[in-house]
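Data block below; observations after.
Read-outs throughout are calculated quantities, based only on the coordinates presented, and are distinct from any laboratory measurement. This structure is a prediction, so every number in the text was calculated from the model and none was measured. So basically every Cβ, Gly included, is an ideal-geometry build from the backbone, and we count neighbours across all protein chains shown.
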Amino acid sequence: MVSCTATVLCTGSMVKQSKCQYEAGFALQMFLLPARIPHSPQRQAGTVGLVIERQRLQSETDGLRYYVDNSTAVLFERWFYCENLGVQLAPIISEFFSSEQYRTGKPNPEELLKQTPFPFNSTHVMTPFCFKEWIDKHRQELSRRPSLDMFGVQFETEVTSLSQLSVRGAV
């Protein structure tokens with residue numbers, strides 16, 4: 001399970017309260033995952049997912065956690081400044097698969113933080129929506145404006161859909 005201070009847009013998603021699990025079968029579904037919500041990005045073979053991360057501040061920390069089977073108890077965790085998630089996760093994952101925790105299924109309390117670097121966010125995660133339906137619903141508004149906010153002001157991250165007007169203006 002990866003817990004990131006990140007913005008996530010994806011295809012094929014099902015969201016459960018404060019936990020995000022990616023599931024195949026939903027075409028062009030998307031949502032915005034607020035910061036500090038533990039989530040488990042998983043996709044089935046043959047599906048495509050898109051995650052858009054923002055650049056982290058030096059003061060921000062990301063974590064990779066594994067949990068005891070069928071439990072919310074932390075089995076293994078590593079916290080780090082995330083500069084390149086694709087590069088940095090592989091060594092941590094290898095470390096986990098070589099660990100005593102992996103072999104025994106039991107956490108080592110001496111290696112777990114007593115307190116996480118930030119409090120987890122207990123916000124209810126939005127229900128994924130179909131991007132095509134969103135475009136169809138906002139088509140007239142997009143024809144009059146160069147861009148349109150997709151998720152509202154409740155998030156610190158702004159995501160906009162650009163219209164043909166913005167493309168024409170850029171040419």
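Which ones in the range 74-97 are touching a residue at least 40 places away in the same chain (Cβ under 8 Å) and of a type in the set (Lys, Arg)?
First, pick out the residues of the range 74-97 that are touching a residue at least 40 places away in the same chain (Cβ under 8 Å): 82, 85, 89.
Of everything in the range 74-97, nothing turns out to be touching a residue at least 40 places away in the same chain (Cβ under 8 Å) and of a type in the set (Lys, Arg).
Just wondering, is there one or more residues in the range 56-64 that are of a type in the set (Ser, Thr, Tyr), in contact with a strand residue (DSSP E or B) (Cβ under 9 Å, 6 or more places away or on another chain) and either more than 25 Å from Pro34 (Cβ to Cβ) or not in a loop (DSSP other than H, G, I, E, B) (or both)?
As a first pass, look at the range 56-64 and keep what is of a type in the set (Ser, Thr, Tyr): 59, 61.
From what's left, in contact with a strand residue (DSSP E or B) (Cβ under 9 Å, 6 or more places away or on another chain): 61.
Of the ones still in play, those that are also either more than 25 Å from Pro34 (Cβ to Cβ) or not in a loop (DSSP other than H, G, I, E, B) (or both) are none.
No; the residues of the range 56-64 include none that is of a type in the set (Ser, Thr, Tyr), in contact with a strand residue (DSSP E or B) (Cβ under 9 Å, 6 or more places away or on another chain) and either more than 25 Å from Pro34 (Cβ to Cβ) or not in a loop (DSSP other than H, G, I, E, B) (or both).
Going by the conditions given, is Asn70 outside any helix (DSSP H, G or I) and either aliphatic (A, V, I, L, M) or under 21 Å from Pro34 (Cα atoms) (or both)? It would help to see each step written out before you state the result.
Numbers: outside any helix (DSSP H, G or I): yes; either aliphatic (A, V, I, L, M) or under 21 Å from Pro34 (Cα atoms) (or both): no.
In short, no.
Conditions first: (1) surrounded by 16 or more Cβ atoms within 10 Å (Cβ to Cβ); (2) touching a residue at least 24 places away in the same chain (Cβ under 8 Å). Asp69 passes all but one, so which condition is the exception?
(1)
If you check Phe96, Phe155, which single one turns out to be aromatic (Phe, Trp, Tyr) and under 26 Å from Phe31 (Cβ atoms)? Break it down stepwise before answering.
Values: Phe96 fails: under 26 Å from Phe31 (Cβ atoms).
Being aromatic (Phe, Trp, Tyr) and under 26 Å from Phe31 (Cβ atoms) holds for just one of Phe96, Phe155, which is Phe155.
Could you please find all residues in the range 86-131 being among the aliphatic types (A, V, I, L, M) and either in contact with a Cys (Cβ under 7 Å, 6 or more places away or on another chain) or part of a loop (DSSP other than H, G, I, E, B) (or both)?
Residues of the range 86-131 that are among the aliphatic types (A, V, I, L, M), as a first pass: 87, 89-90, 92-93, 112-113, 125-126.
Correct list: Leu112, Leu113, Val125, Met126.
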